[in-house]
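A short worksheet on the structure shown next.
The values are calculated or read from the model by the stated rules, or taken from the named source; none is laboratory data. On a predicted model such as this, the values are computed, not experimentally measured, just so you know. Note: ideal-geometry Cβ built from the backbone for every residue, glycine included; neighbour counts use all protein chains shown.
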Amino acid sequence: MPQSNNHGSYLLGVNQQELERLQFQHGVWGHVTKKFLGRLNVGNGWRCLDVGAGPGLVSMDLRELVGQTGEVTALDPSQFYLDWLRKQAGDNGWTNVKCIQGTAESADLPPHLYDLIFVRWVIAFVPDPEKFLLPLFNALRPGGIIAIQDYYYEGLSLFPRGGIWDTMPDVVRAYYRSGGGDAYVTGKIPALFRKHGIELTDLTPTCLSGGPTSGVMEWAHRFFSLHIPLMAEKGVISNEQADALTADWNSHRRNPDTVFFSPLVVDVAGIARR
Ligand SMILES: C[S@@+](CC[C@H](N)C(=O)[O-])C[C@H]1O[C@@H](n2cnc3c(N)ncnc32)[C@H](O)[C@@H]1O
C-alpha cells in the first residue's frame, strides 16, 4: 500500500514500491558504489554519515567496512525508510547503525565529527545544492571526506536510435526541474567544493549498458514504467507523448538487438582542508 510522502516535494515519493525499486537499483549499481568506497579506503573505526540514506542500502555496506569499532548514521526525512532500516538493525543485532530523521538542510548535525559523509542519488532532487552541502561540510572533521554519487544526465540512449525515445534525456531533465532539482548537478559540485575549501580528489563517471534482459535495462524499466505516466500527470509531457514514449520503449524491450545506455552517474569526492 502506498505510504504518504512525508517530506512533501521529494520527486520520487516514499512507498513500498519505491523501496523495492531502490533495492533493485542497489543490486544493479551497488558494485559501482563499492568500487568508489574502495577508492576512498573506508576502513575500520570510521564514523560515517549516509545522507538521504533511504532504507540504508549504502549504510549497510558502510557498516561492513567500518566494523564494530566504527559507526554509521543514516539521515533521511522519511520515517518509513528509517523504520525499515531500524528493523534490519534490530533483527541482525547491529549496534553501530544510528538513524536521524531530517533533511541535510535542517538536521542538527554534530560539528567536525565525520570521517566520511556519503550522498547517493539525493542532491539532484534538492532546490539549492549549496544550502544542502554547507551543513555537511561543517559536519566533516578536518581531513574528512565528502563523497557524492549522482547524475550528470547525459548518455541515456536506446539503440537502434530514431524514435521518440531519443528525446528522453530532455524529458527527464525537465522532470527533475519540475521538482526543483537539477539532473546535471554533479557538474556544479567541483565549484562548490572549491568555494568552501574542499579539495576535489575524485571525479569519475560511469555509464552502464546492456540488452533487454540485462539488469540495467530492467532498472530503467522500473523507473520509466512508473514515471512516464507521472511525467504526463505533472504536465512535463503530453499524454500522447507518454503513450509514444512507452510504445517505443516497449518495442525496444522486445528487440533482442537493443542496447540500452544509462545516464552518467558521477562519483565526486573531496577532502575538508579546514
Ligand atoms: C533516490 S533515494 C536514494 C536513497 C539512497 N541514498 C540510495 O542510494 O539507495 C533519495 C532519498 O533522499 C531523501 N531526501 C530527499 N530530500 C532530502 C534532503 N533534503 N535531505 C536528506 N535526504 C533527502 C529521500 O527521502 C530519499 O530517501
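Quick notes
- Close pairs from the stretch 124-151: first closer than 16 Å to residue 50 by Cβ, partner among the small types (Gly, Ala, Ser) and assigned to a helix (DSSP H, G or I), Cβ under 9 Å, at least 6 apart: 150/124
- Where residue 258 falls short, out of the listed (1) surrounded by 16 or more Cβ atoms within 10 Å (Cβ to Cβ); (2) within 26 Å of residue 126 (Cα to Cα); (3) at pLDDT 95 or above: (2)
- Set side by side, the residues 169, 212, 190 differ, and just one is in contact with a helix residue (DSSP H, G or I) (Cβ under 7 Å, 6 or more places away or on another chain), farther than 16 Å from residue 127 by Cα and not in a strand (DSSP E or B), which is 212.
- Leading residue by the ranking (surrounded by the fewest Cβ atoms within 10 Å (Cβ to Cβ)) among those in the stretch 106-133 that are over 14 Å from residue 271 (Cα atoms) and of a type in the set (A, V, I, L, M): 107
- Flag for residue 262 being among the polar types (S, T, N, Q) and touching a Gly at 6+ places or on another chain (Cβ under 9 Å): yes
- Positions within the stretch 47-66 being in a helix (DSSP H, G or I), within 8 Å of the ligand (Cβ to nearest atom) and free of Cβ contacts under 8 Å to residues at least 40 places away in the same chain, in sequence order: 57
- Residue 162 outside any helix (DSSP H, G or I) and within 22 Å of residue 120 (Cα to Cα): no
- Residue that is modelled with pLDDT under 95 and surrounded by fewer than 18 Cβ atoms within 10 Å (Cβ to Cβ), where the choices are 162, 179: 179
- Pairs with Cβ under 6 Å, 6+ apart, first in the stretch 95-120 and at pLDDT 95 or above, second within 11 Å of the ligand (Cβ to nearest atom) and among the acidic types (Asp, Glu): 118/50
- For the stretch 69-88, taking the residues that are away from the ligand (no atom under 13 Å from the Cβ) and in contact with a strand residue (DSSP E or B) (Cβ under 9 Å, 6 or more places away or on another chain), the one that is farthest from residue 102 (Cα to Cα) is identified as 70.
- Every listed requirement among (1) touching a strand residue (DSSP E or B) at 6+ places or on another chain (Cβ under 9 Å); (2) modelled with pLDDT of 95 or more; (3) more than 18 Å from residue 120 (Cβ to Cβ) is met by residue 232 save one, (1).
- Among the residues of the stretch 33-61, those that are more than 20 Å from residue 137 (Cα to Cα) and surrounded by 16 or more Cβ atoms within 10 Å (Cβ to Cβ) comprise 33, 54, 55, 56, 57, 60, 61.
- Condition broken by residue 156, with the remaining ones in (1) more than 17 Å from the chain's Cα centre (by Cα); (2) away from the ligand (no atom under 12 Å from the Cβ) satisfied: (1)
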